[in-house]
Amino acid sequence: VIDIRKLYGSTGAFTFDPGYKSTASCESALTYIDGEEGVLLHRGYPIGQLAEQSSFMEVAYLLLNGELPTQQELDDFDYTITRHTMLHEQLMTFYRGFRRDAHPMAIMCGVVGALSAFYHDSTDISDPEHRKISSHRLIAKMPTIAAMAYKYSIGQPFLYPDNSLSYTGNFLRMTFGVPAEEYEIHPAIERAMDRIFILHADHEQNASTSTVRLAGSSGANPFACIAAGIACLWGPAHGGANEAALNMLQEIGTPDRIPHYIERAKDKNDPFRLMGFGHRVYKNYDPRATVMQQTLREVFEALNVDDPVFETALKLEEHALNDDYFKEKKLFPNVDFYSGIILNAIGFPTTMFTALFALARTVGWVAQWNEMISDPGQVIGRPRQLYTGPTERDYVPMDKR
Ligand code: ACO
C-alpha cells in the first residue's frame, strides 16, 4: 500500500482531478464563461454583441490589448497584421515535402512549428517587443498557411496574399481564387466567415489553450507553442467535432432516422455520441451556437442554398432537447453543431474545418500565451499524478524471469 500522505503531503494540498473538471490552472482577464447561464464574454463584452457589431480584427485587438480599439488603433493594427501576411519564400519548399493527401491539420502542425526556424529574430520571449512581433506574425500568417495547405491538397498553385483586402477577404481569395483570374469576394460570405472567426477566437482554458499555456510555461517559443495547440485542437472531442458533426448529420441523412441515432447516443455500450452536442463548461445553450445558426441562415439565403442536412440538424436538435437523457445531462448544441454545415455551403472540404478553427483560435492562443508570459509570478506547469504502479521491488535478472 502506498502512503499518499508520505508521497504528496509535503507540498500542501493534493487534489486528484482527472480532466481538471474542478481545477483552475491560471488566472486570466481575457474570457469569462458562465456555463449554467450560457454566457460568454471577451474582456467583458458579450459574444453576441461582438459577433453582430465588431470584426475579427477588432476582437483580436481587444483580446490582445484589453480594450476595444479606436478607429486609428484599429487601422494601425490592421496595417501591422497586413504587413506580416507573407510567408518566407523557403516555406513554400517545406510544403512540397508533404504528401498531397496529407490532412491540412498535419501540414499546419508542421508549418507553424517550422515558423520558429524561419523567424527566430522574434523568439526572445523575455522581450515584450519580440512577443508582440511573434504574435502579429502568427495571427497574420495563419490565413496564408491554412489557404496554402488547402491549395496544396488540391494541386493548385499557391496564391500570395493581396494586402488590399480585409483579413477575411484575403483568406477567401487565397483559398478559392486561382491565379490570373479575378476573384470576387461575396460580401455576405466575407461577413459570415469573419463572424465564424470571431466565434472561435477564444474560449478560456479549453484543451488546446491549456496545451499552449503548458508548452509556453517552460519558456518554449510561441511558434512551437501554437503548433502544440494545433495538435491538441485536431482531436474529434475538440476542434475536430465540426467535421465529425457534419459527417454524422450526413450519415443520418433524413429526419426519420434521427430516433435511431438518439437511442445510440444514449446507449452506454455504444461509443457513438451526438457530435456537436455537450460541453465541459456549458450546461445550457452554447451562445456561439445561437449566432452560428443565425449565420447559417444568412449564408443559405445569400448563396441560395437549400441543404437538407440543415433540416436534419434542426430536427435532431429538437429531438435531443426534448429527450430526458439530454435534458438530465444538460447536453445542448455547441459551436460545432452548425459550423460544419455553413463551411460546407461556403465550399470548404471537411478536412479544412479544423484548420479554420485553428486559424481563428490563434488569436486566443497568442493572447493567453502573452498574458501568461507577462505575469511575473509565472511558473512552469507541472501537474502531479496518483501513482498506481507497483511499489519498490528488486530487479530480476533475465534468467530468473
Ligand atoms: N452524446 C451523448 N452523450 C453525451 C454526449 C454526447 N454528445 N456528451 C456527453 N454525454 C454524456 C456522457 O456519456 C456522460 O454520461 P454519463 O454521466 O452517463 O457517464 C455525460 O454526458 C457527461 O459527459 P462527459 O463526457 O463526462 O462530459 P465532458 O465534460 O467530459 O465532455 C465533451 C464534454 C467532450 C464535449 C462531450 O460532451 C462530447 O464528447 N461531445 C461530443 C463532441 C463535441 O461536440 N465536442 C466539441 C466540444 S466544443 C469545442 O471543442 C469547440
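The values are calculated or read from the model by the stated rules, or taken from the named source; none is laboratory data. Just so it is clear, the structure is predicted and the values come from calculations on it, not from any experiment. Positions of Cβ are backbone-derived with ideal geometry, glycine not excepted, and every protein chain shown enters the neighbour counts. The area values use the complete protein model at the heavy-atom level, side chains included, leaving out ligands, DNA and RNA. Shrake-Rupley method; radii C 1.70, N 1.55, O 1.52, S 1.80 Å.
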Coordinate range along principal axes, alpha carbons of the range 127-214, Å, largest first:
44, 27, 26
In debye to the nearest 20, how big a dipole does the chain give about its Cα centre with +1 on each Lys and Arg Cβ and -1 on each Asp and Glu Cβ?
1540
With all pairs of different alpha carbon atoms counted, what Kirkwood hydrodynamic radius in Å does the range 43-160 show?
15.9
Go ahead and set up a Gaussian network model of the chain, Cα springs under 10 Å, then flag whichever of GLU263, GLU243, GLU190 fluctuates most.
GLU263
Show which aspartates and glutamates lie in cross-link reach of LYS330 when reach means a straight Cα distance below 18 angstrom and same-chain residues fewer than eight apart are skipped.
ASP34, GLU36, GLU37, GLU263, ASP267, ASP286, GLU317, GLU318
Candidates GLY347, GLY240, GLY229, ranked by Gaussian network fluctuation over the chain, Cα under 10 Å, top entry:
GLY347
Using only alpha carbon positions, build the gyration tensor of the range 4-111, then give the equivalent ellipsoid semi-axes as the square roots of 5 times its eigenvalues, largest first, whole angstrom.
36, 28, 15
Put +1 on the Cβ of each Lys and Arg and -1 on the Cβ of each Asp and Glu in the range 297-365; which of ALA345, LEU316, ALA355 then has its Cα farthest toward the positive end of the dipole?
ALA355
Residue ranges of DSSP H helices in the chain that stretch 27 Å or more (Cα, own long axis) and have mean Kyte-Doolittle hydropathy of at least 0.5 are 353-374
Could you give the distance between the Cα centres of the range 68-140 and the range 232-283, to the whole Å?
33
Cα radius of gyration and Dmax for the range 229-269 (Å):
12.8, 39
Sequence of SER55, SER208 from largest to smallest accessible area, 1.4 Å probe
SER55, SER208
Any chance you could get the radius of gyration and Dmax over the Cα atoms of the range 327-379, in Å?
16.6, 47
Listed residue (GLN294, ASN334, SER210) projecting farthest to the positive dipole end of the range 188-335, Cβ model
SER210
Dimensionless Rg ratio for the range 24-64, taking C-alpha atoms and the 2.2 N^0.38 Å reference:
1.22
Average projected area of the Cα convex hull of the chain, in nm²?
25.1
Using helices alone, I'd like the mean residue ellipticity at 222 nm for the chain: each DSSP H run of four-plus residues gives -39500 (n - 2.57), total over residue count, nearest 500.
-17000 deg cm²/dmol
Roughly to the nearest percent, how much of the accessible area of the range 54-173 is carbon and sulfur, given a 1.4 Å probe?
51
Per-residue accessible area, 1.4 Å probe, largest first, puts ILE258, ILE185 in the order ILE185, ILE258
Compute the length gained on full extension between TYR183 and ASP101: take 0.36 nm times their separation in residues and subtract their Cα-Cα distance, giving the result in nm to one decimal.
27.0 nm
Can you tell me the length gained on complete extension of the stretch HIS260 to VAL39, counting 0.36 nm per residue apart and subtracting the Cα distance?
76.3 nm
Log10 I(q)/I(0) at q = 0.11, 0.16, 0.17 Å⁻¹ for the range 208-367, from Debye over equal alpha-carbon scatterers, is -0.48, -0.93, -1.02
Place +1 on the Cβ of every Lys and Arg and -1 on the Cβ of every Asp and Glu in the range 55-155, take the dipole about the Cα centre, and give the residue among MET105, PHE77, SER122 whose Cα lies farthest towards its positive end.
MET105
Heavy-atom surface of the chain, accessible at 1.4 Å and reported per residue (Å²):
49
Considering only MET148, MET193, MET248, give the residue with the highest GNM mean-square fluctuation for the chain, with springs between Cα atoms whenever their separation is below 10 Å.
MET248
Protein-only accessible surface order, largest first, of TYR95, TYR167 at 1.4 Å
TYR167, TYR95
Placing one identical point scatterer on every Cα of the range 129-168 and ignoring solvent, what is log10 I(q)/I(0) from the Debye formula at q = 0.27, 0.33 Å⁻¹?
-0.93, -1.06
Report, largest value first, the span of the C-alpha coordinates of the range 273-401 along each principal axis, in whole Å.
73, 42, 32
